[in-house]
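In what follows, a structure is listed as structure tokens, so that the remarks can point back to it.
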Amino acid sequence: MARKFYITTPIFYVNDLLHIGHAYCTIACDVVARFKRWAGYEVLFLTGTDEHGQKIAQAASLKGKTPQEWADYIVAQDKKLWERLNISHDDFIRTTEDRHERTVQAIFTRLYKKGDIYKGEYEGWYCTSCETFYLESQLNEGRCPECGKPAEKLKEESYFFRLSKYQKRLLDYFEQNPEFMQPGFRKAEMVNFVKEGLKDLSVSRTAVKWGIPVPFDDKHTVYVWFDALINYLTACGYLGDKAKFEKFWPADVHVVGKEIFKFHTVIWPAMLMALEIPLPREVFGHGWWTVEGEKMSKSRGNVVDPLEVCEEFGVDAFRYFLMSEVPFGQDGDFSKKALVRRYNSDLANNLGNLLSRSLTMVEKYLEGKVPEPEGREDEDKDLIEKAEGLYQMVLKFYDRLELNGVLGTIWQTVDYANRYIEKTAPWKLEKADRKRLKTVLYNLLETLRLVALHILPFMPQTAERIWEQLGLEEKIYAQKIEDARWGRLKPGKKIKIGKPLFPRINPDL
Ligand code: MSP
């Protein structure tokens, strides 16, 4: 039976259009999902939208729409964006779907019957924008510590989830599962937070109408975070499709931004413990992007639209930039200047040049046909070792979601292949040693084939273009791990030189 892999992005709020921060997380998950499929896993890659709550209702009313109309509009835009960015999700969940509302209500009732949800009264400071209650001591001069907007004092009847009951079990779990929180440097803060003592969590609202009704008390709607986290269960068939659930749960990794790490490493696990369901294997908290050194925000007017970046530089250059620029887990800074720098050095000069130089020589010296190699010299062995070893090398990085490490490894090979051209100087071999010329050019083409396979998760279109230019007829998507072995390129086929992959961009423009 194929091994399974279940990976999720957060579900995105539908108050507004998505920006590069959202695209970042989704592209990273897409890269991993694509790699796992290639490695033979049966993958469930989930993304979707978080549609309930006051923030969405307010955004809709500002536009003169009902929350549902507004959500439908944003969802259509989100889906268009994912299509443009070549996101290969297997499912897109909306929290307003029946399958989800049913699951949330069933869970709420179950936990109520079990005594893990009870009725009480809530008094606290609430930030509508972040949908979060805060203690007075957490506010900055009456303002939300996350977004800086004024917090309101609220007192209301509320259902509570008995989070406090799970404090010890959570701490034990963290200790026994050191891999659960990634990257490791995010762990201490969560452990301390739990150690300081957990308060029961208010999980219903009477003031918010746009939400899933509490099934046995329809004055209340379910708190949006309680509703949202459950999406990961709904989508893999919990309470609906037993076979699917048994296959895919627990999730292998929830990839989330650092500011929602706590919801995923403390509240979510406690909910699952209450439901007596195994916990996800890993929660990965990635960093945040600033834009030219500043926090991205509507009020600053510096929100970067991923569609515009793709229009200007192409989808693959955008994906490449986000994945290579910062170690996954750290914060990063986006600027066109940095993108152009990386584009020119890594894509145009390094990868693009390797392809065009290699193909031009095959065309010029060998009538455009893939040659037959003969013999191996030391410099060939080094190149072959690097190209053939790629799969084993990148595996380790993928395991830790060090996606920039994967790219770094692939680019070492690309770089080495360019140096191999200088060393072997095929233009001198043309007259002097045809046999050697053929071997050298074969090695370059075969290296490019392996590079194409390895960049496929990151830059699907570019990988396909390289594949076609190498004259390979079988589909790149049909390739298996075995095809990452050296020597599968068949001599005799015609190459098909195409347009340059990445024409240089003038950095001064
Ligand atoms: N709806 C909740 C998540 C519920 S998951 C059960 C939510 N939505 S969100 O739309 O506000 O944000 C989704 C993700 O986008 C978060 O993981 C957040 O970290 C990420 N980003 C938002 N701005 C970002 C940057 N500037 N940079 C990187 N990621 C950022 O939270």
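No value in this document is a laboratory result; all are computed from the given coordinates. For clarity, every value in this text was computed on a predicted model and none was experimentally measured. Neighbour counts run over all protein chains shown; Cβ positions are idealised from the backbone, glycine included.
May I ask you to list, by number, the DSSP H helices of the chain whose Cα span along the axis is at least 27 Å and whose average Kyte-Doolittle hydropathy reaches 0.5 or more?
Long hydrophobic helices here: none detected.
How high is the relative contact order of the chain? Use alpha-carbon pairs under 8 Å, at least six apart in sequence, and give a whole percent.
Relative contact order, the chain: 15 percent.
Can you list residues whose amide H is under 5 Å from residue 4's amide H, if they're 5+ apart or on another chain and H is modeled 1.01 Å from N?
42
Could you tell me the relative contact order of the stretch 405-467? Use alpha-carbon pairs under 8 Å, at least six residues apart, and round to a whole percent.
Relative CO of the stretch 405-467 lands at 31 percent.
Can you tell which of 96, 442, 356 lies farthest toward the positive end of the dipole of the chain, using +1 and -1 charges on the Cβ of basic and acidic side chains (Lys, Arg; Asp, Glu)?
442
Listed highest first by mean packing, meaning other Cβ atoms within 10 Å per residue, what order do 370-380, 477-487 come in?
370-380, 477-487
Counting Lys and Arg as +1 and Asp and Glu as -1, each charge on the Cβ, what is the dipole of the chain about the Cα centre in debye, to the nearest 20?
880
Using the Cα centre as the reference, give the magnitude of the dipole from point charges on the C-beta atoms of the stretch 1-103 (Lys, Arg: +1; Asp, Glu: -1; all else neutral), rounded to the nearest 20 debye.
300
Evaluate the charge dipole of the stretch 400-473 about its Cα centre and quote only its size in Debye, nearest 20, assuming +1 on the Cβ of each Lys and Arg and -1 on the Cβ of each Asp and Glu.
So the dipole magnitude of the stretch 400-473 works out to roughly 440 debye.
What GluC sites (Glu not before Pro) does the stretch 243-295 have in DSSP loop regions with at most 12 other beta carbons within 10 Å?
276
Taking the dipole about the Cα centre of the stretch 364-509, with the C-beta of Lys and Arg at +1 and of Asp and Glu at -1, give me whichever of 481, 403, 425 is farthest to the positive side.
Toward the positive end, the furthest listed residue is 425.
Going by how many other Cβ atoms sit within 10 Å of their own, how do 218, 90, 508, 78 line up, fewest first?
Ranked by crowding around the Cβ, least crowded first: 508, 218, 90, 78.
Cα gyration tensor of the stretch 50-153, axes a ≥ b ≥ c as square roots of the eigenvalues: rounded (a/c below 1.5), prolate (a/b > b/c) or oblate?
Cα axes put the stretch 50-153 in the oblate bin.
Neighbour counts of other C-beta atoms within 10 Å: give me 273, 190, 459 arranged from fewest to most.
Listing 273, 190, 459 from fewest to most nearby Cβ atoms yields 273, 190, 459.
If I stretch the segment between residue 302 and residue 242 completely, what's the gain in nm (0.36 nm per residue apart, minus their alpha carbon distance), one decimal?
17.0 nm
Please list, by residue number, every one of the trypsin sites (Lys or Arg not before Pro) in the stretch 255-312 that is coil in DSSP and has at most 10 other beta-carbon atoms within 10 Å.
Here the trypsin sites (Lys or Arg not before Pro) that fit, given the DSSP loop and packing criteria, are 298, 300.
Under a straight-distance cross-link criterion of Cα-Cα below 20 Å, which lysines are reachable from residue 295, leaving out those fewer than 8 residues away in the same chain?
Straight-line reach from residue 295, under 20 Å: 149, 258, 336, 337.
Would you work out which of 185, 6, 345 lies farthest towards the positive end of the dipole of the chain, given +1 charges on the beta-carbon of Lys and Arg and -1 on that of Asp and Glu, about the Cα centre?
345
What list do you get for 283, 255 if you sort them by fewest beta carbons within 10 Å?
255, 283
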